[in-house]
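Read the structure below first, then the notes.
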There are 2 protein chains.
Amino acid sequence: MKLVKTINELRNVIANWRSEGKTVGLVPTMGWFHLGHLSLMKMAKGKADKVVVSLFINPMQFGQGEDLAAYPYDLSRDMHLAEKEGVDLLFAPSSEEMYPEGFQTSITVKNLSQGLCGASRPVHFAGVATVVAKLFNMVQPDLAIFGKKDFQQLAVIRQMVKDLNFNIEILGHPLVREDDGLAMSSRNSYLNQEERRNARCLYRAITSVREKVSGEGTEPSVAQLTDEVTRMINATSGCAVEYVEVVDKETLQKSATINRNSIIVLAVKINGRVRLIDNALLYPEENDS
Amino acid sequence: MKLVKTINELRNVIANWRSEGKTVGLVPTMGWFHLGHLSLMKMAKGKADKVVVSLFINPMQFGQGEDLAAYPYDLSRDMHLAEKEGVDLLFAPSSEEMYPEGFQTSITVKNLSQGLCGASRPVHFAGVATVVAKLFNMVQPDLAIFGKKDFQQLAVIRQMVKDLNFNIEILGHPLVREDDGLAMSSRNSYLNQEERRNARCLYRAITSVREKVSGEGTEPSVAQLTDEVTRMINATSGCAVEYVEVVDKETLQKSATINRNSIIVLAVKINGRVRLIDNALLYPEENDS
């Protein structure tokens, strides 16, 4: 596996691959790899001849007071993990390489960036869209893979790709969970033992309402489901719901009634300090979370 | 010359050229071709194997109350002119093809879009940047050519290309003038005979201050030059200065003193109805306007 830190070297390696007729898959990440990331890399290996993983803790997608400085980072750990997955190139640029002096461009995907995580993180999705567009232009991949845990991010990127006519296939990979159901996230590393145990309430609440939806009897209303999730989570020590909604998995518009495209999406603050998100289709599909 | 109206067909033609190893140059336009446009096409022919000209009156770059509905359009006239220049493909999409329902993405190049034309046209440069990014992703050209008449547009696009890492060479073509000095513009077609005659005051004023700069004696101050241009133009029947500034030709920052990179930039309203812009280096260079 090649470790590359500059855009010029990245372009050179990829131009060589292209001259040999290779296809290229991209997996954008902020590092501190867990099984979720590794499963994206595996998926990319199955879909493209060459796999590029980017590792960049993107300052533009963090707001004031968020966890930019605390975000876990260990390049040699991540190199080792990516290499084991057969990744061909790990691109780990500096902030100066990505945002040289005078940088002033941003991409806004208006409607999809509002609400849900966008409500408490107003600059987040412009930062995501902008850095992803930069990576797309540097790598010019045939396909790029994103995790479905960040459901709103995936929707924003799909819309940007459509609106700006990027010639890139966007694939979503199902959310990967720990054995006890907690959605894998680099931010889980912020949790102490007790918080980690309490954080199981997110999946417990999701499982509970999914059982109600697929169970016997009248179908519960959207309000009943979100109320139940809110109640279960807020009853757990240290856990406070930021939002719980049932939305269409593509448009992110609130569902009036539950259907096959409805996902329940939620954000929870643990002890006011660690922000976790989760989501699930209310009617589970095979191969999906 | 091929006339293409859909993005799919555009991509197919270009993919064929690419498979033959051809380089591609792009000239984005809003049509109603004049010698300025035709000289961009000539330049592209000299720089790339295949030349794509886009013709799209981009609604996103027109503000409320601007001349979107009045903008001149004659596809068969323009096809004939482009064909004579040896253009390989004219891309003339519909608004629905460019902005399908649900479109919601925009690109902002913050600092360079403020001031000058951006002051009176607050949505203009986001519209320009967005449509140009779309065309770049559709065509994926090796190079793209823009006229220097739209000096702020050129600066915005160069910055966007740098910030978003488009792998495209941006070339500026010198401003082309009518015999009496009026900068060529599709909007000159809005002028009646008297207005057309009065519009010569823009170039007359520019010529006057350039002579002062290159002449004998103490160098005039920036304020003296802009005052003189304002006075000359406002003294002409029906002509009113919107702005006159002396700025660095790349950063568009106001020049404190005049140097080789200083350009004088101006916008003038004719009878409150037709808005014309012009610019020139204060120290003329060969091959430049």
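If you go through the stretch A:147-169 and keep only what is farther than 17 Å from A:Ser113 by Cβ and within 11 Å of chain B (Cβ to nearest Cβ), you end up with A:Asn165, A:Phe166, A:Asn167, A:Ile168.
Apart from one condition, B:Arg158 fits all of (1) surrounded by 20 or more Cβ atoms within 10 Å (Cβ to Cβ); (2) of a type in the set (D, E, K, R); (3) in a helix (DSSP H, G or I); the exception is (1).
Inside the stretch B:112-154, residues that are outside any helix (DSSP H, G or I) and over 21 Å from B:Ile168 (Cα atoms) make up a count of 6.
Residues that are closer than 18 Å to B:Val131 by Cβ and surrounded by 16 or more Cβ atoms within 10 Å (Cβ to Cβ) within the stretch B:68-81 comprise B:Tyr71, B:Asp78, listed in sequence order. Across the stretch A:52-108, which residue is nearest to the other protein chains (Cβ to nearest Cβ) among those that are assigned to a helix (DSSP H, G or I) and among the polar types (S, T, N, Q)? Ranking the qualifying residues of the stretch A:52-108, first place goes to A:Ser95.
Evaluated against (1) hydrophobic (A, V, I, L, M, F, W, C); (2) in a loop (DSSP other than H, G, I, E, B); (3) surrounded by fewer than 20 Cβ atoms within 10 Å (Cβ to Cβ), A:Leu175 falls short on exactly one condition, (3). Kindly establish whether A:Arg231 is over 26 Å from A:Phe33 (Cβ atoms), surrounded by fewer than 17 Cβ atoms within 10 Å (Cβ to Cβ) and of a type in the set (Lys, Arg). Taking the combined requirement at face value, the residue satisfies it. Flag not set for A:Ala267, criterion: out of contact with any Ser or Thr (no Cβ under 7 Å at 6 or more places or on another chain), of a type in the set (A, V, I, L, M, F, W, C) and farther than 26 Å from A:Met160 by Cβ. What do you reckon, is B:Phe103 aromatic (Phe, Trp, Tyr) and closer than 30 Å to B:Thr251 by Cβ? So B:Phe103 does not fit the description; no. Taking residues in the stretch B:1-24 that are within 14 Å of chain A (Cβ to nearest Cβ), and partners anywhere that are in a helix (DSSP H, G or I) and among the acidic types (Asp, Glu), the pairs with Cβ atoms closer than 7 Å and at least 6 places apart or on different chains are B:Thr6/B:Glu97; B:Ile7/B:Glu97.
A short reminder: the numbers here are calculations on the coordinates, not readings from a lab. This is a predicted model, so every value here is computed, not measured. A quick note on method: Cβ atoms are made from the backbone with ideal geometry, for glycine too, and the neighbour counts reach across all protein chains shown.
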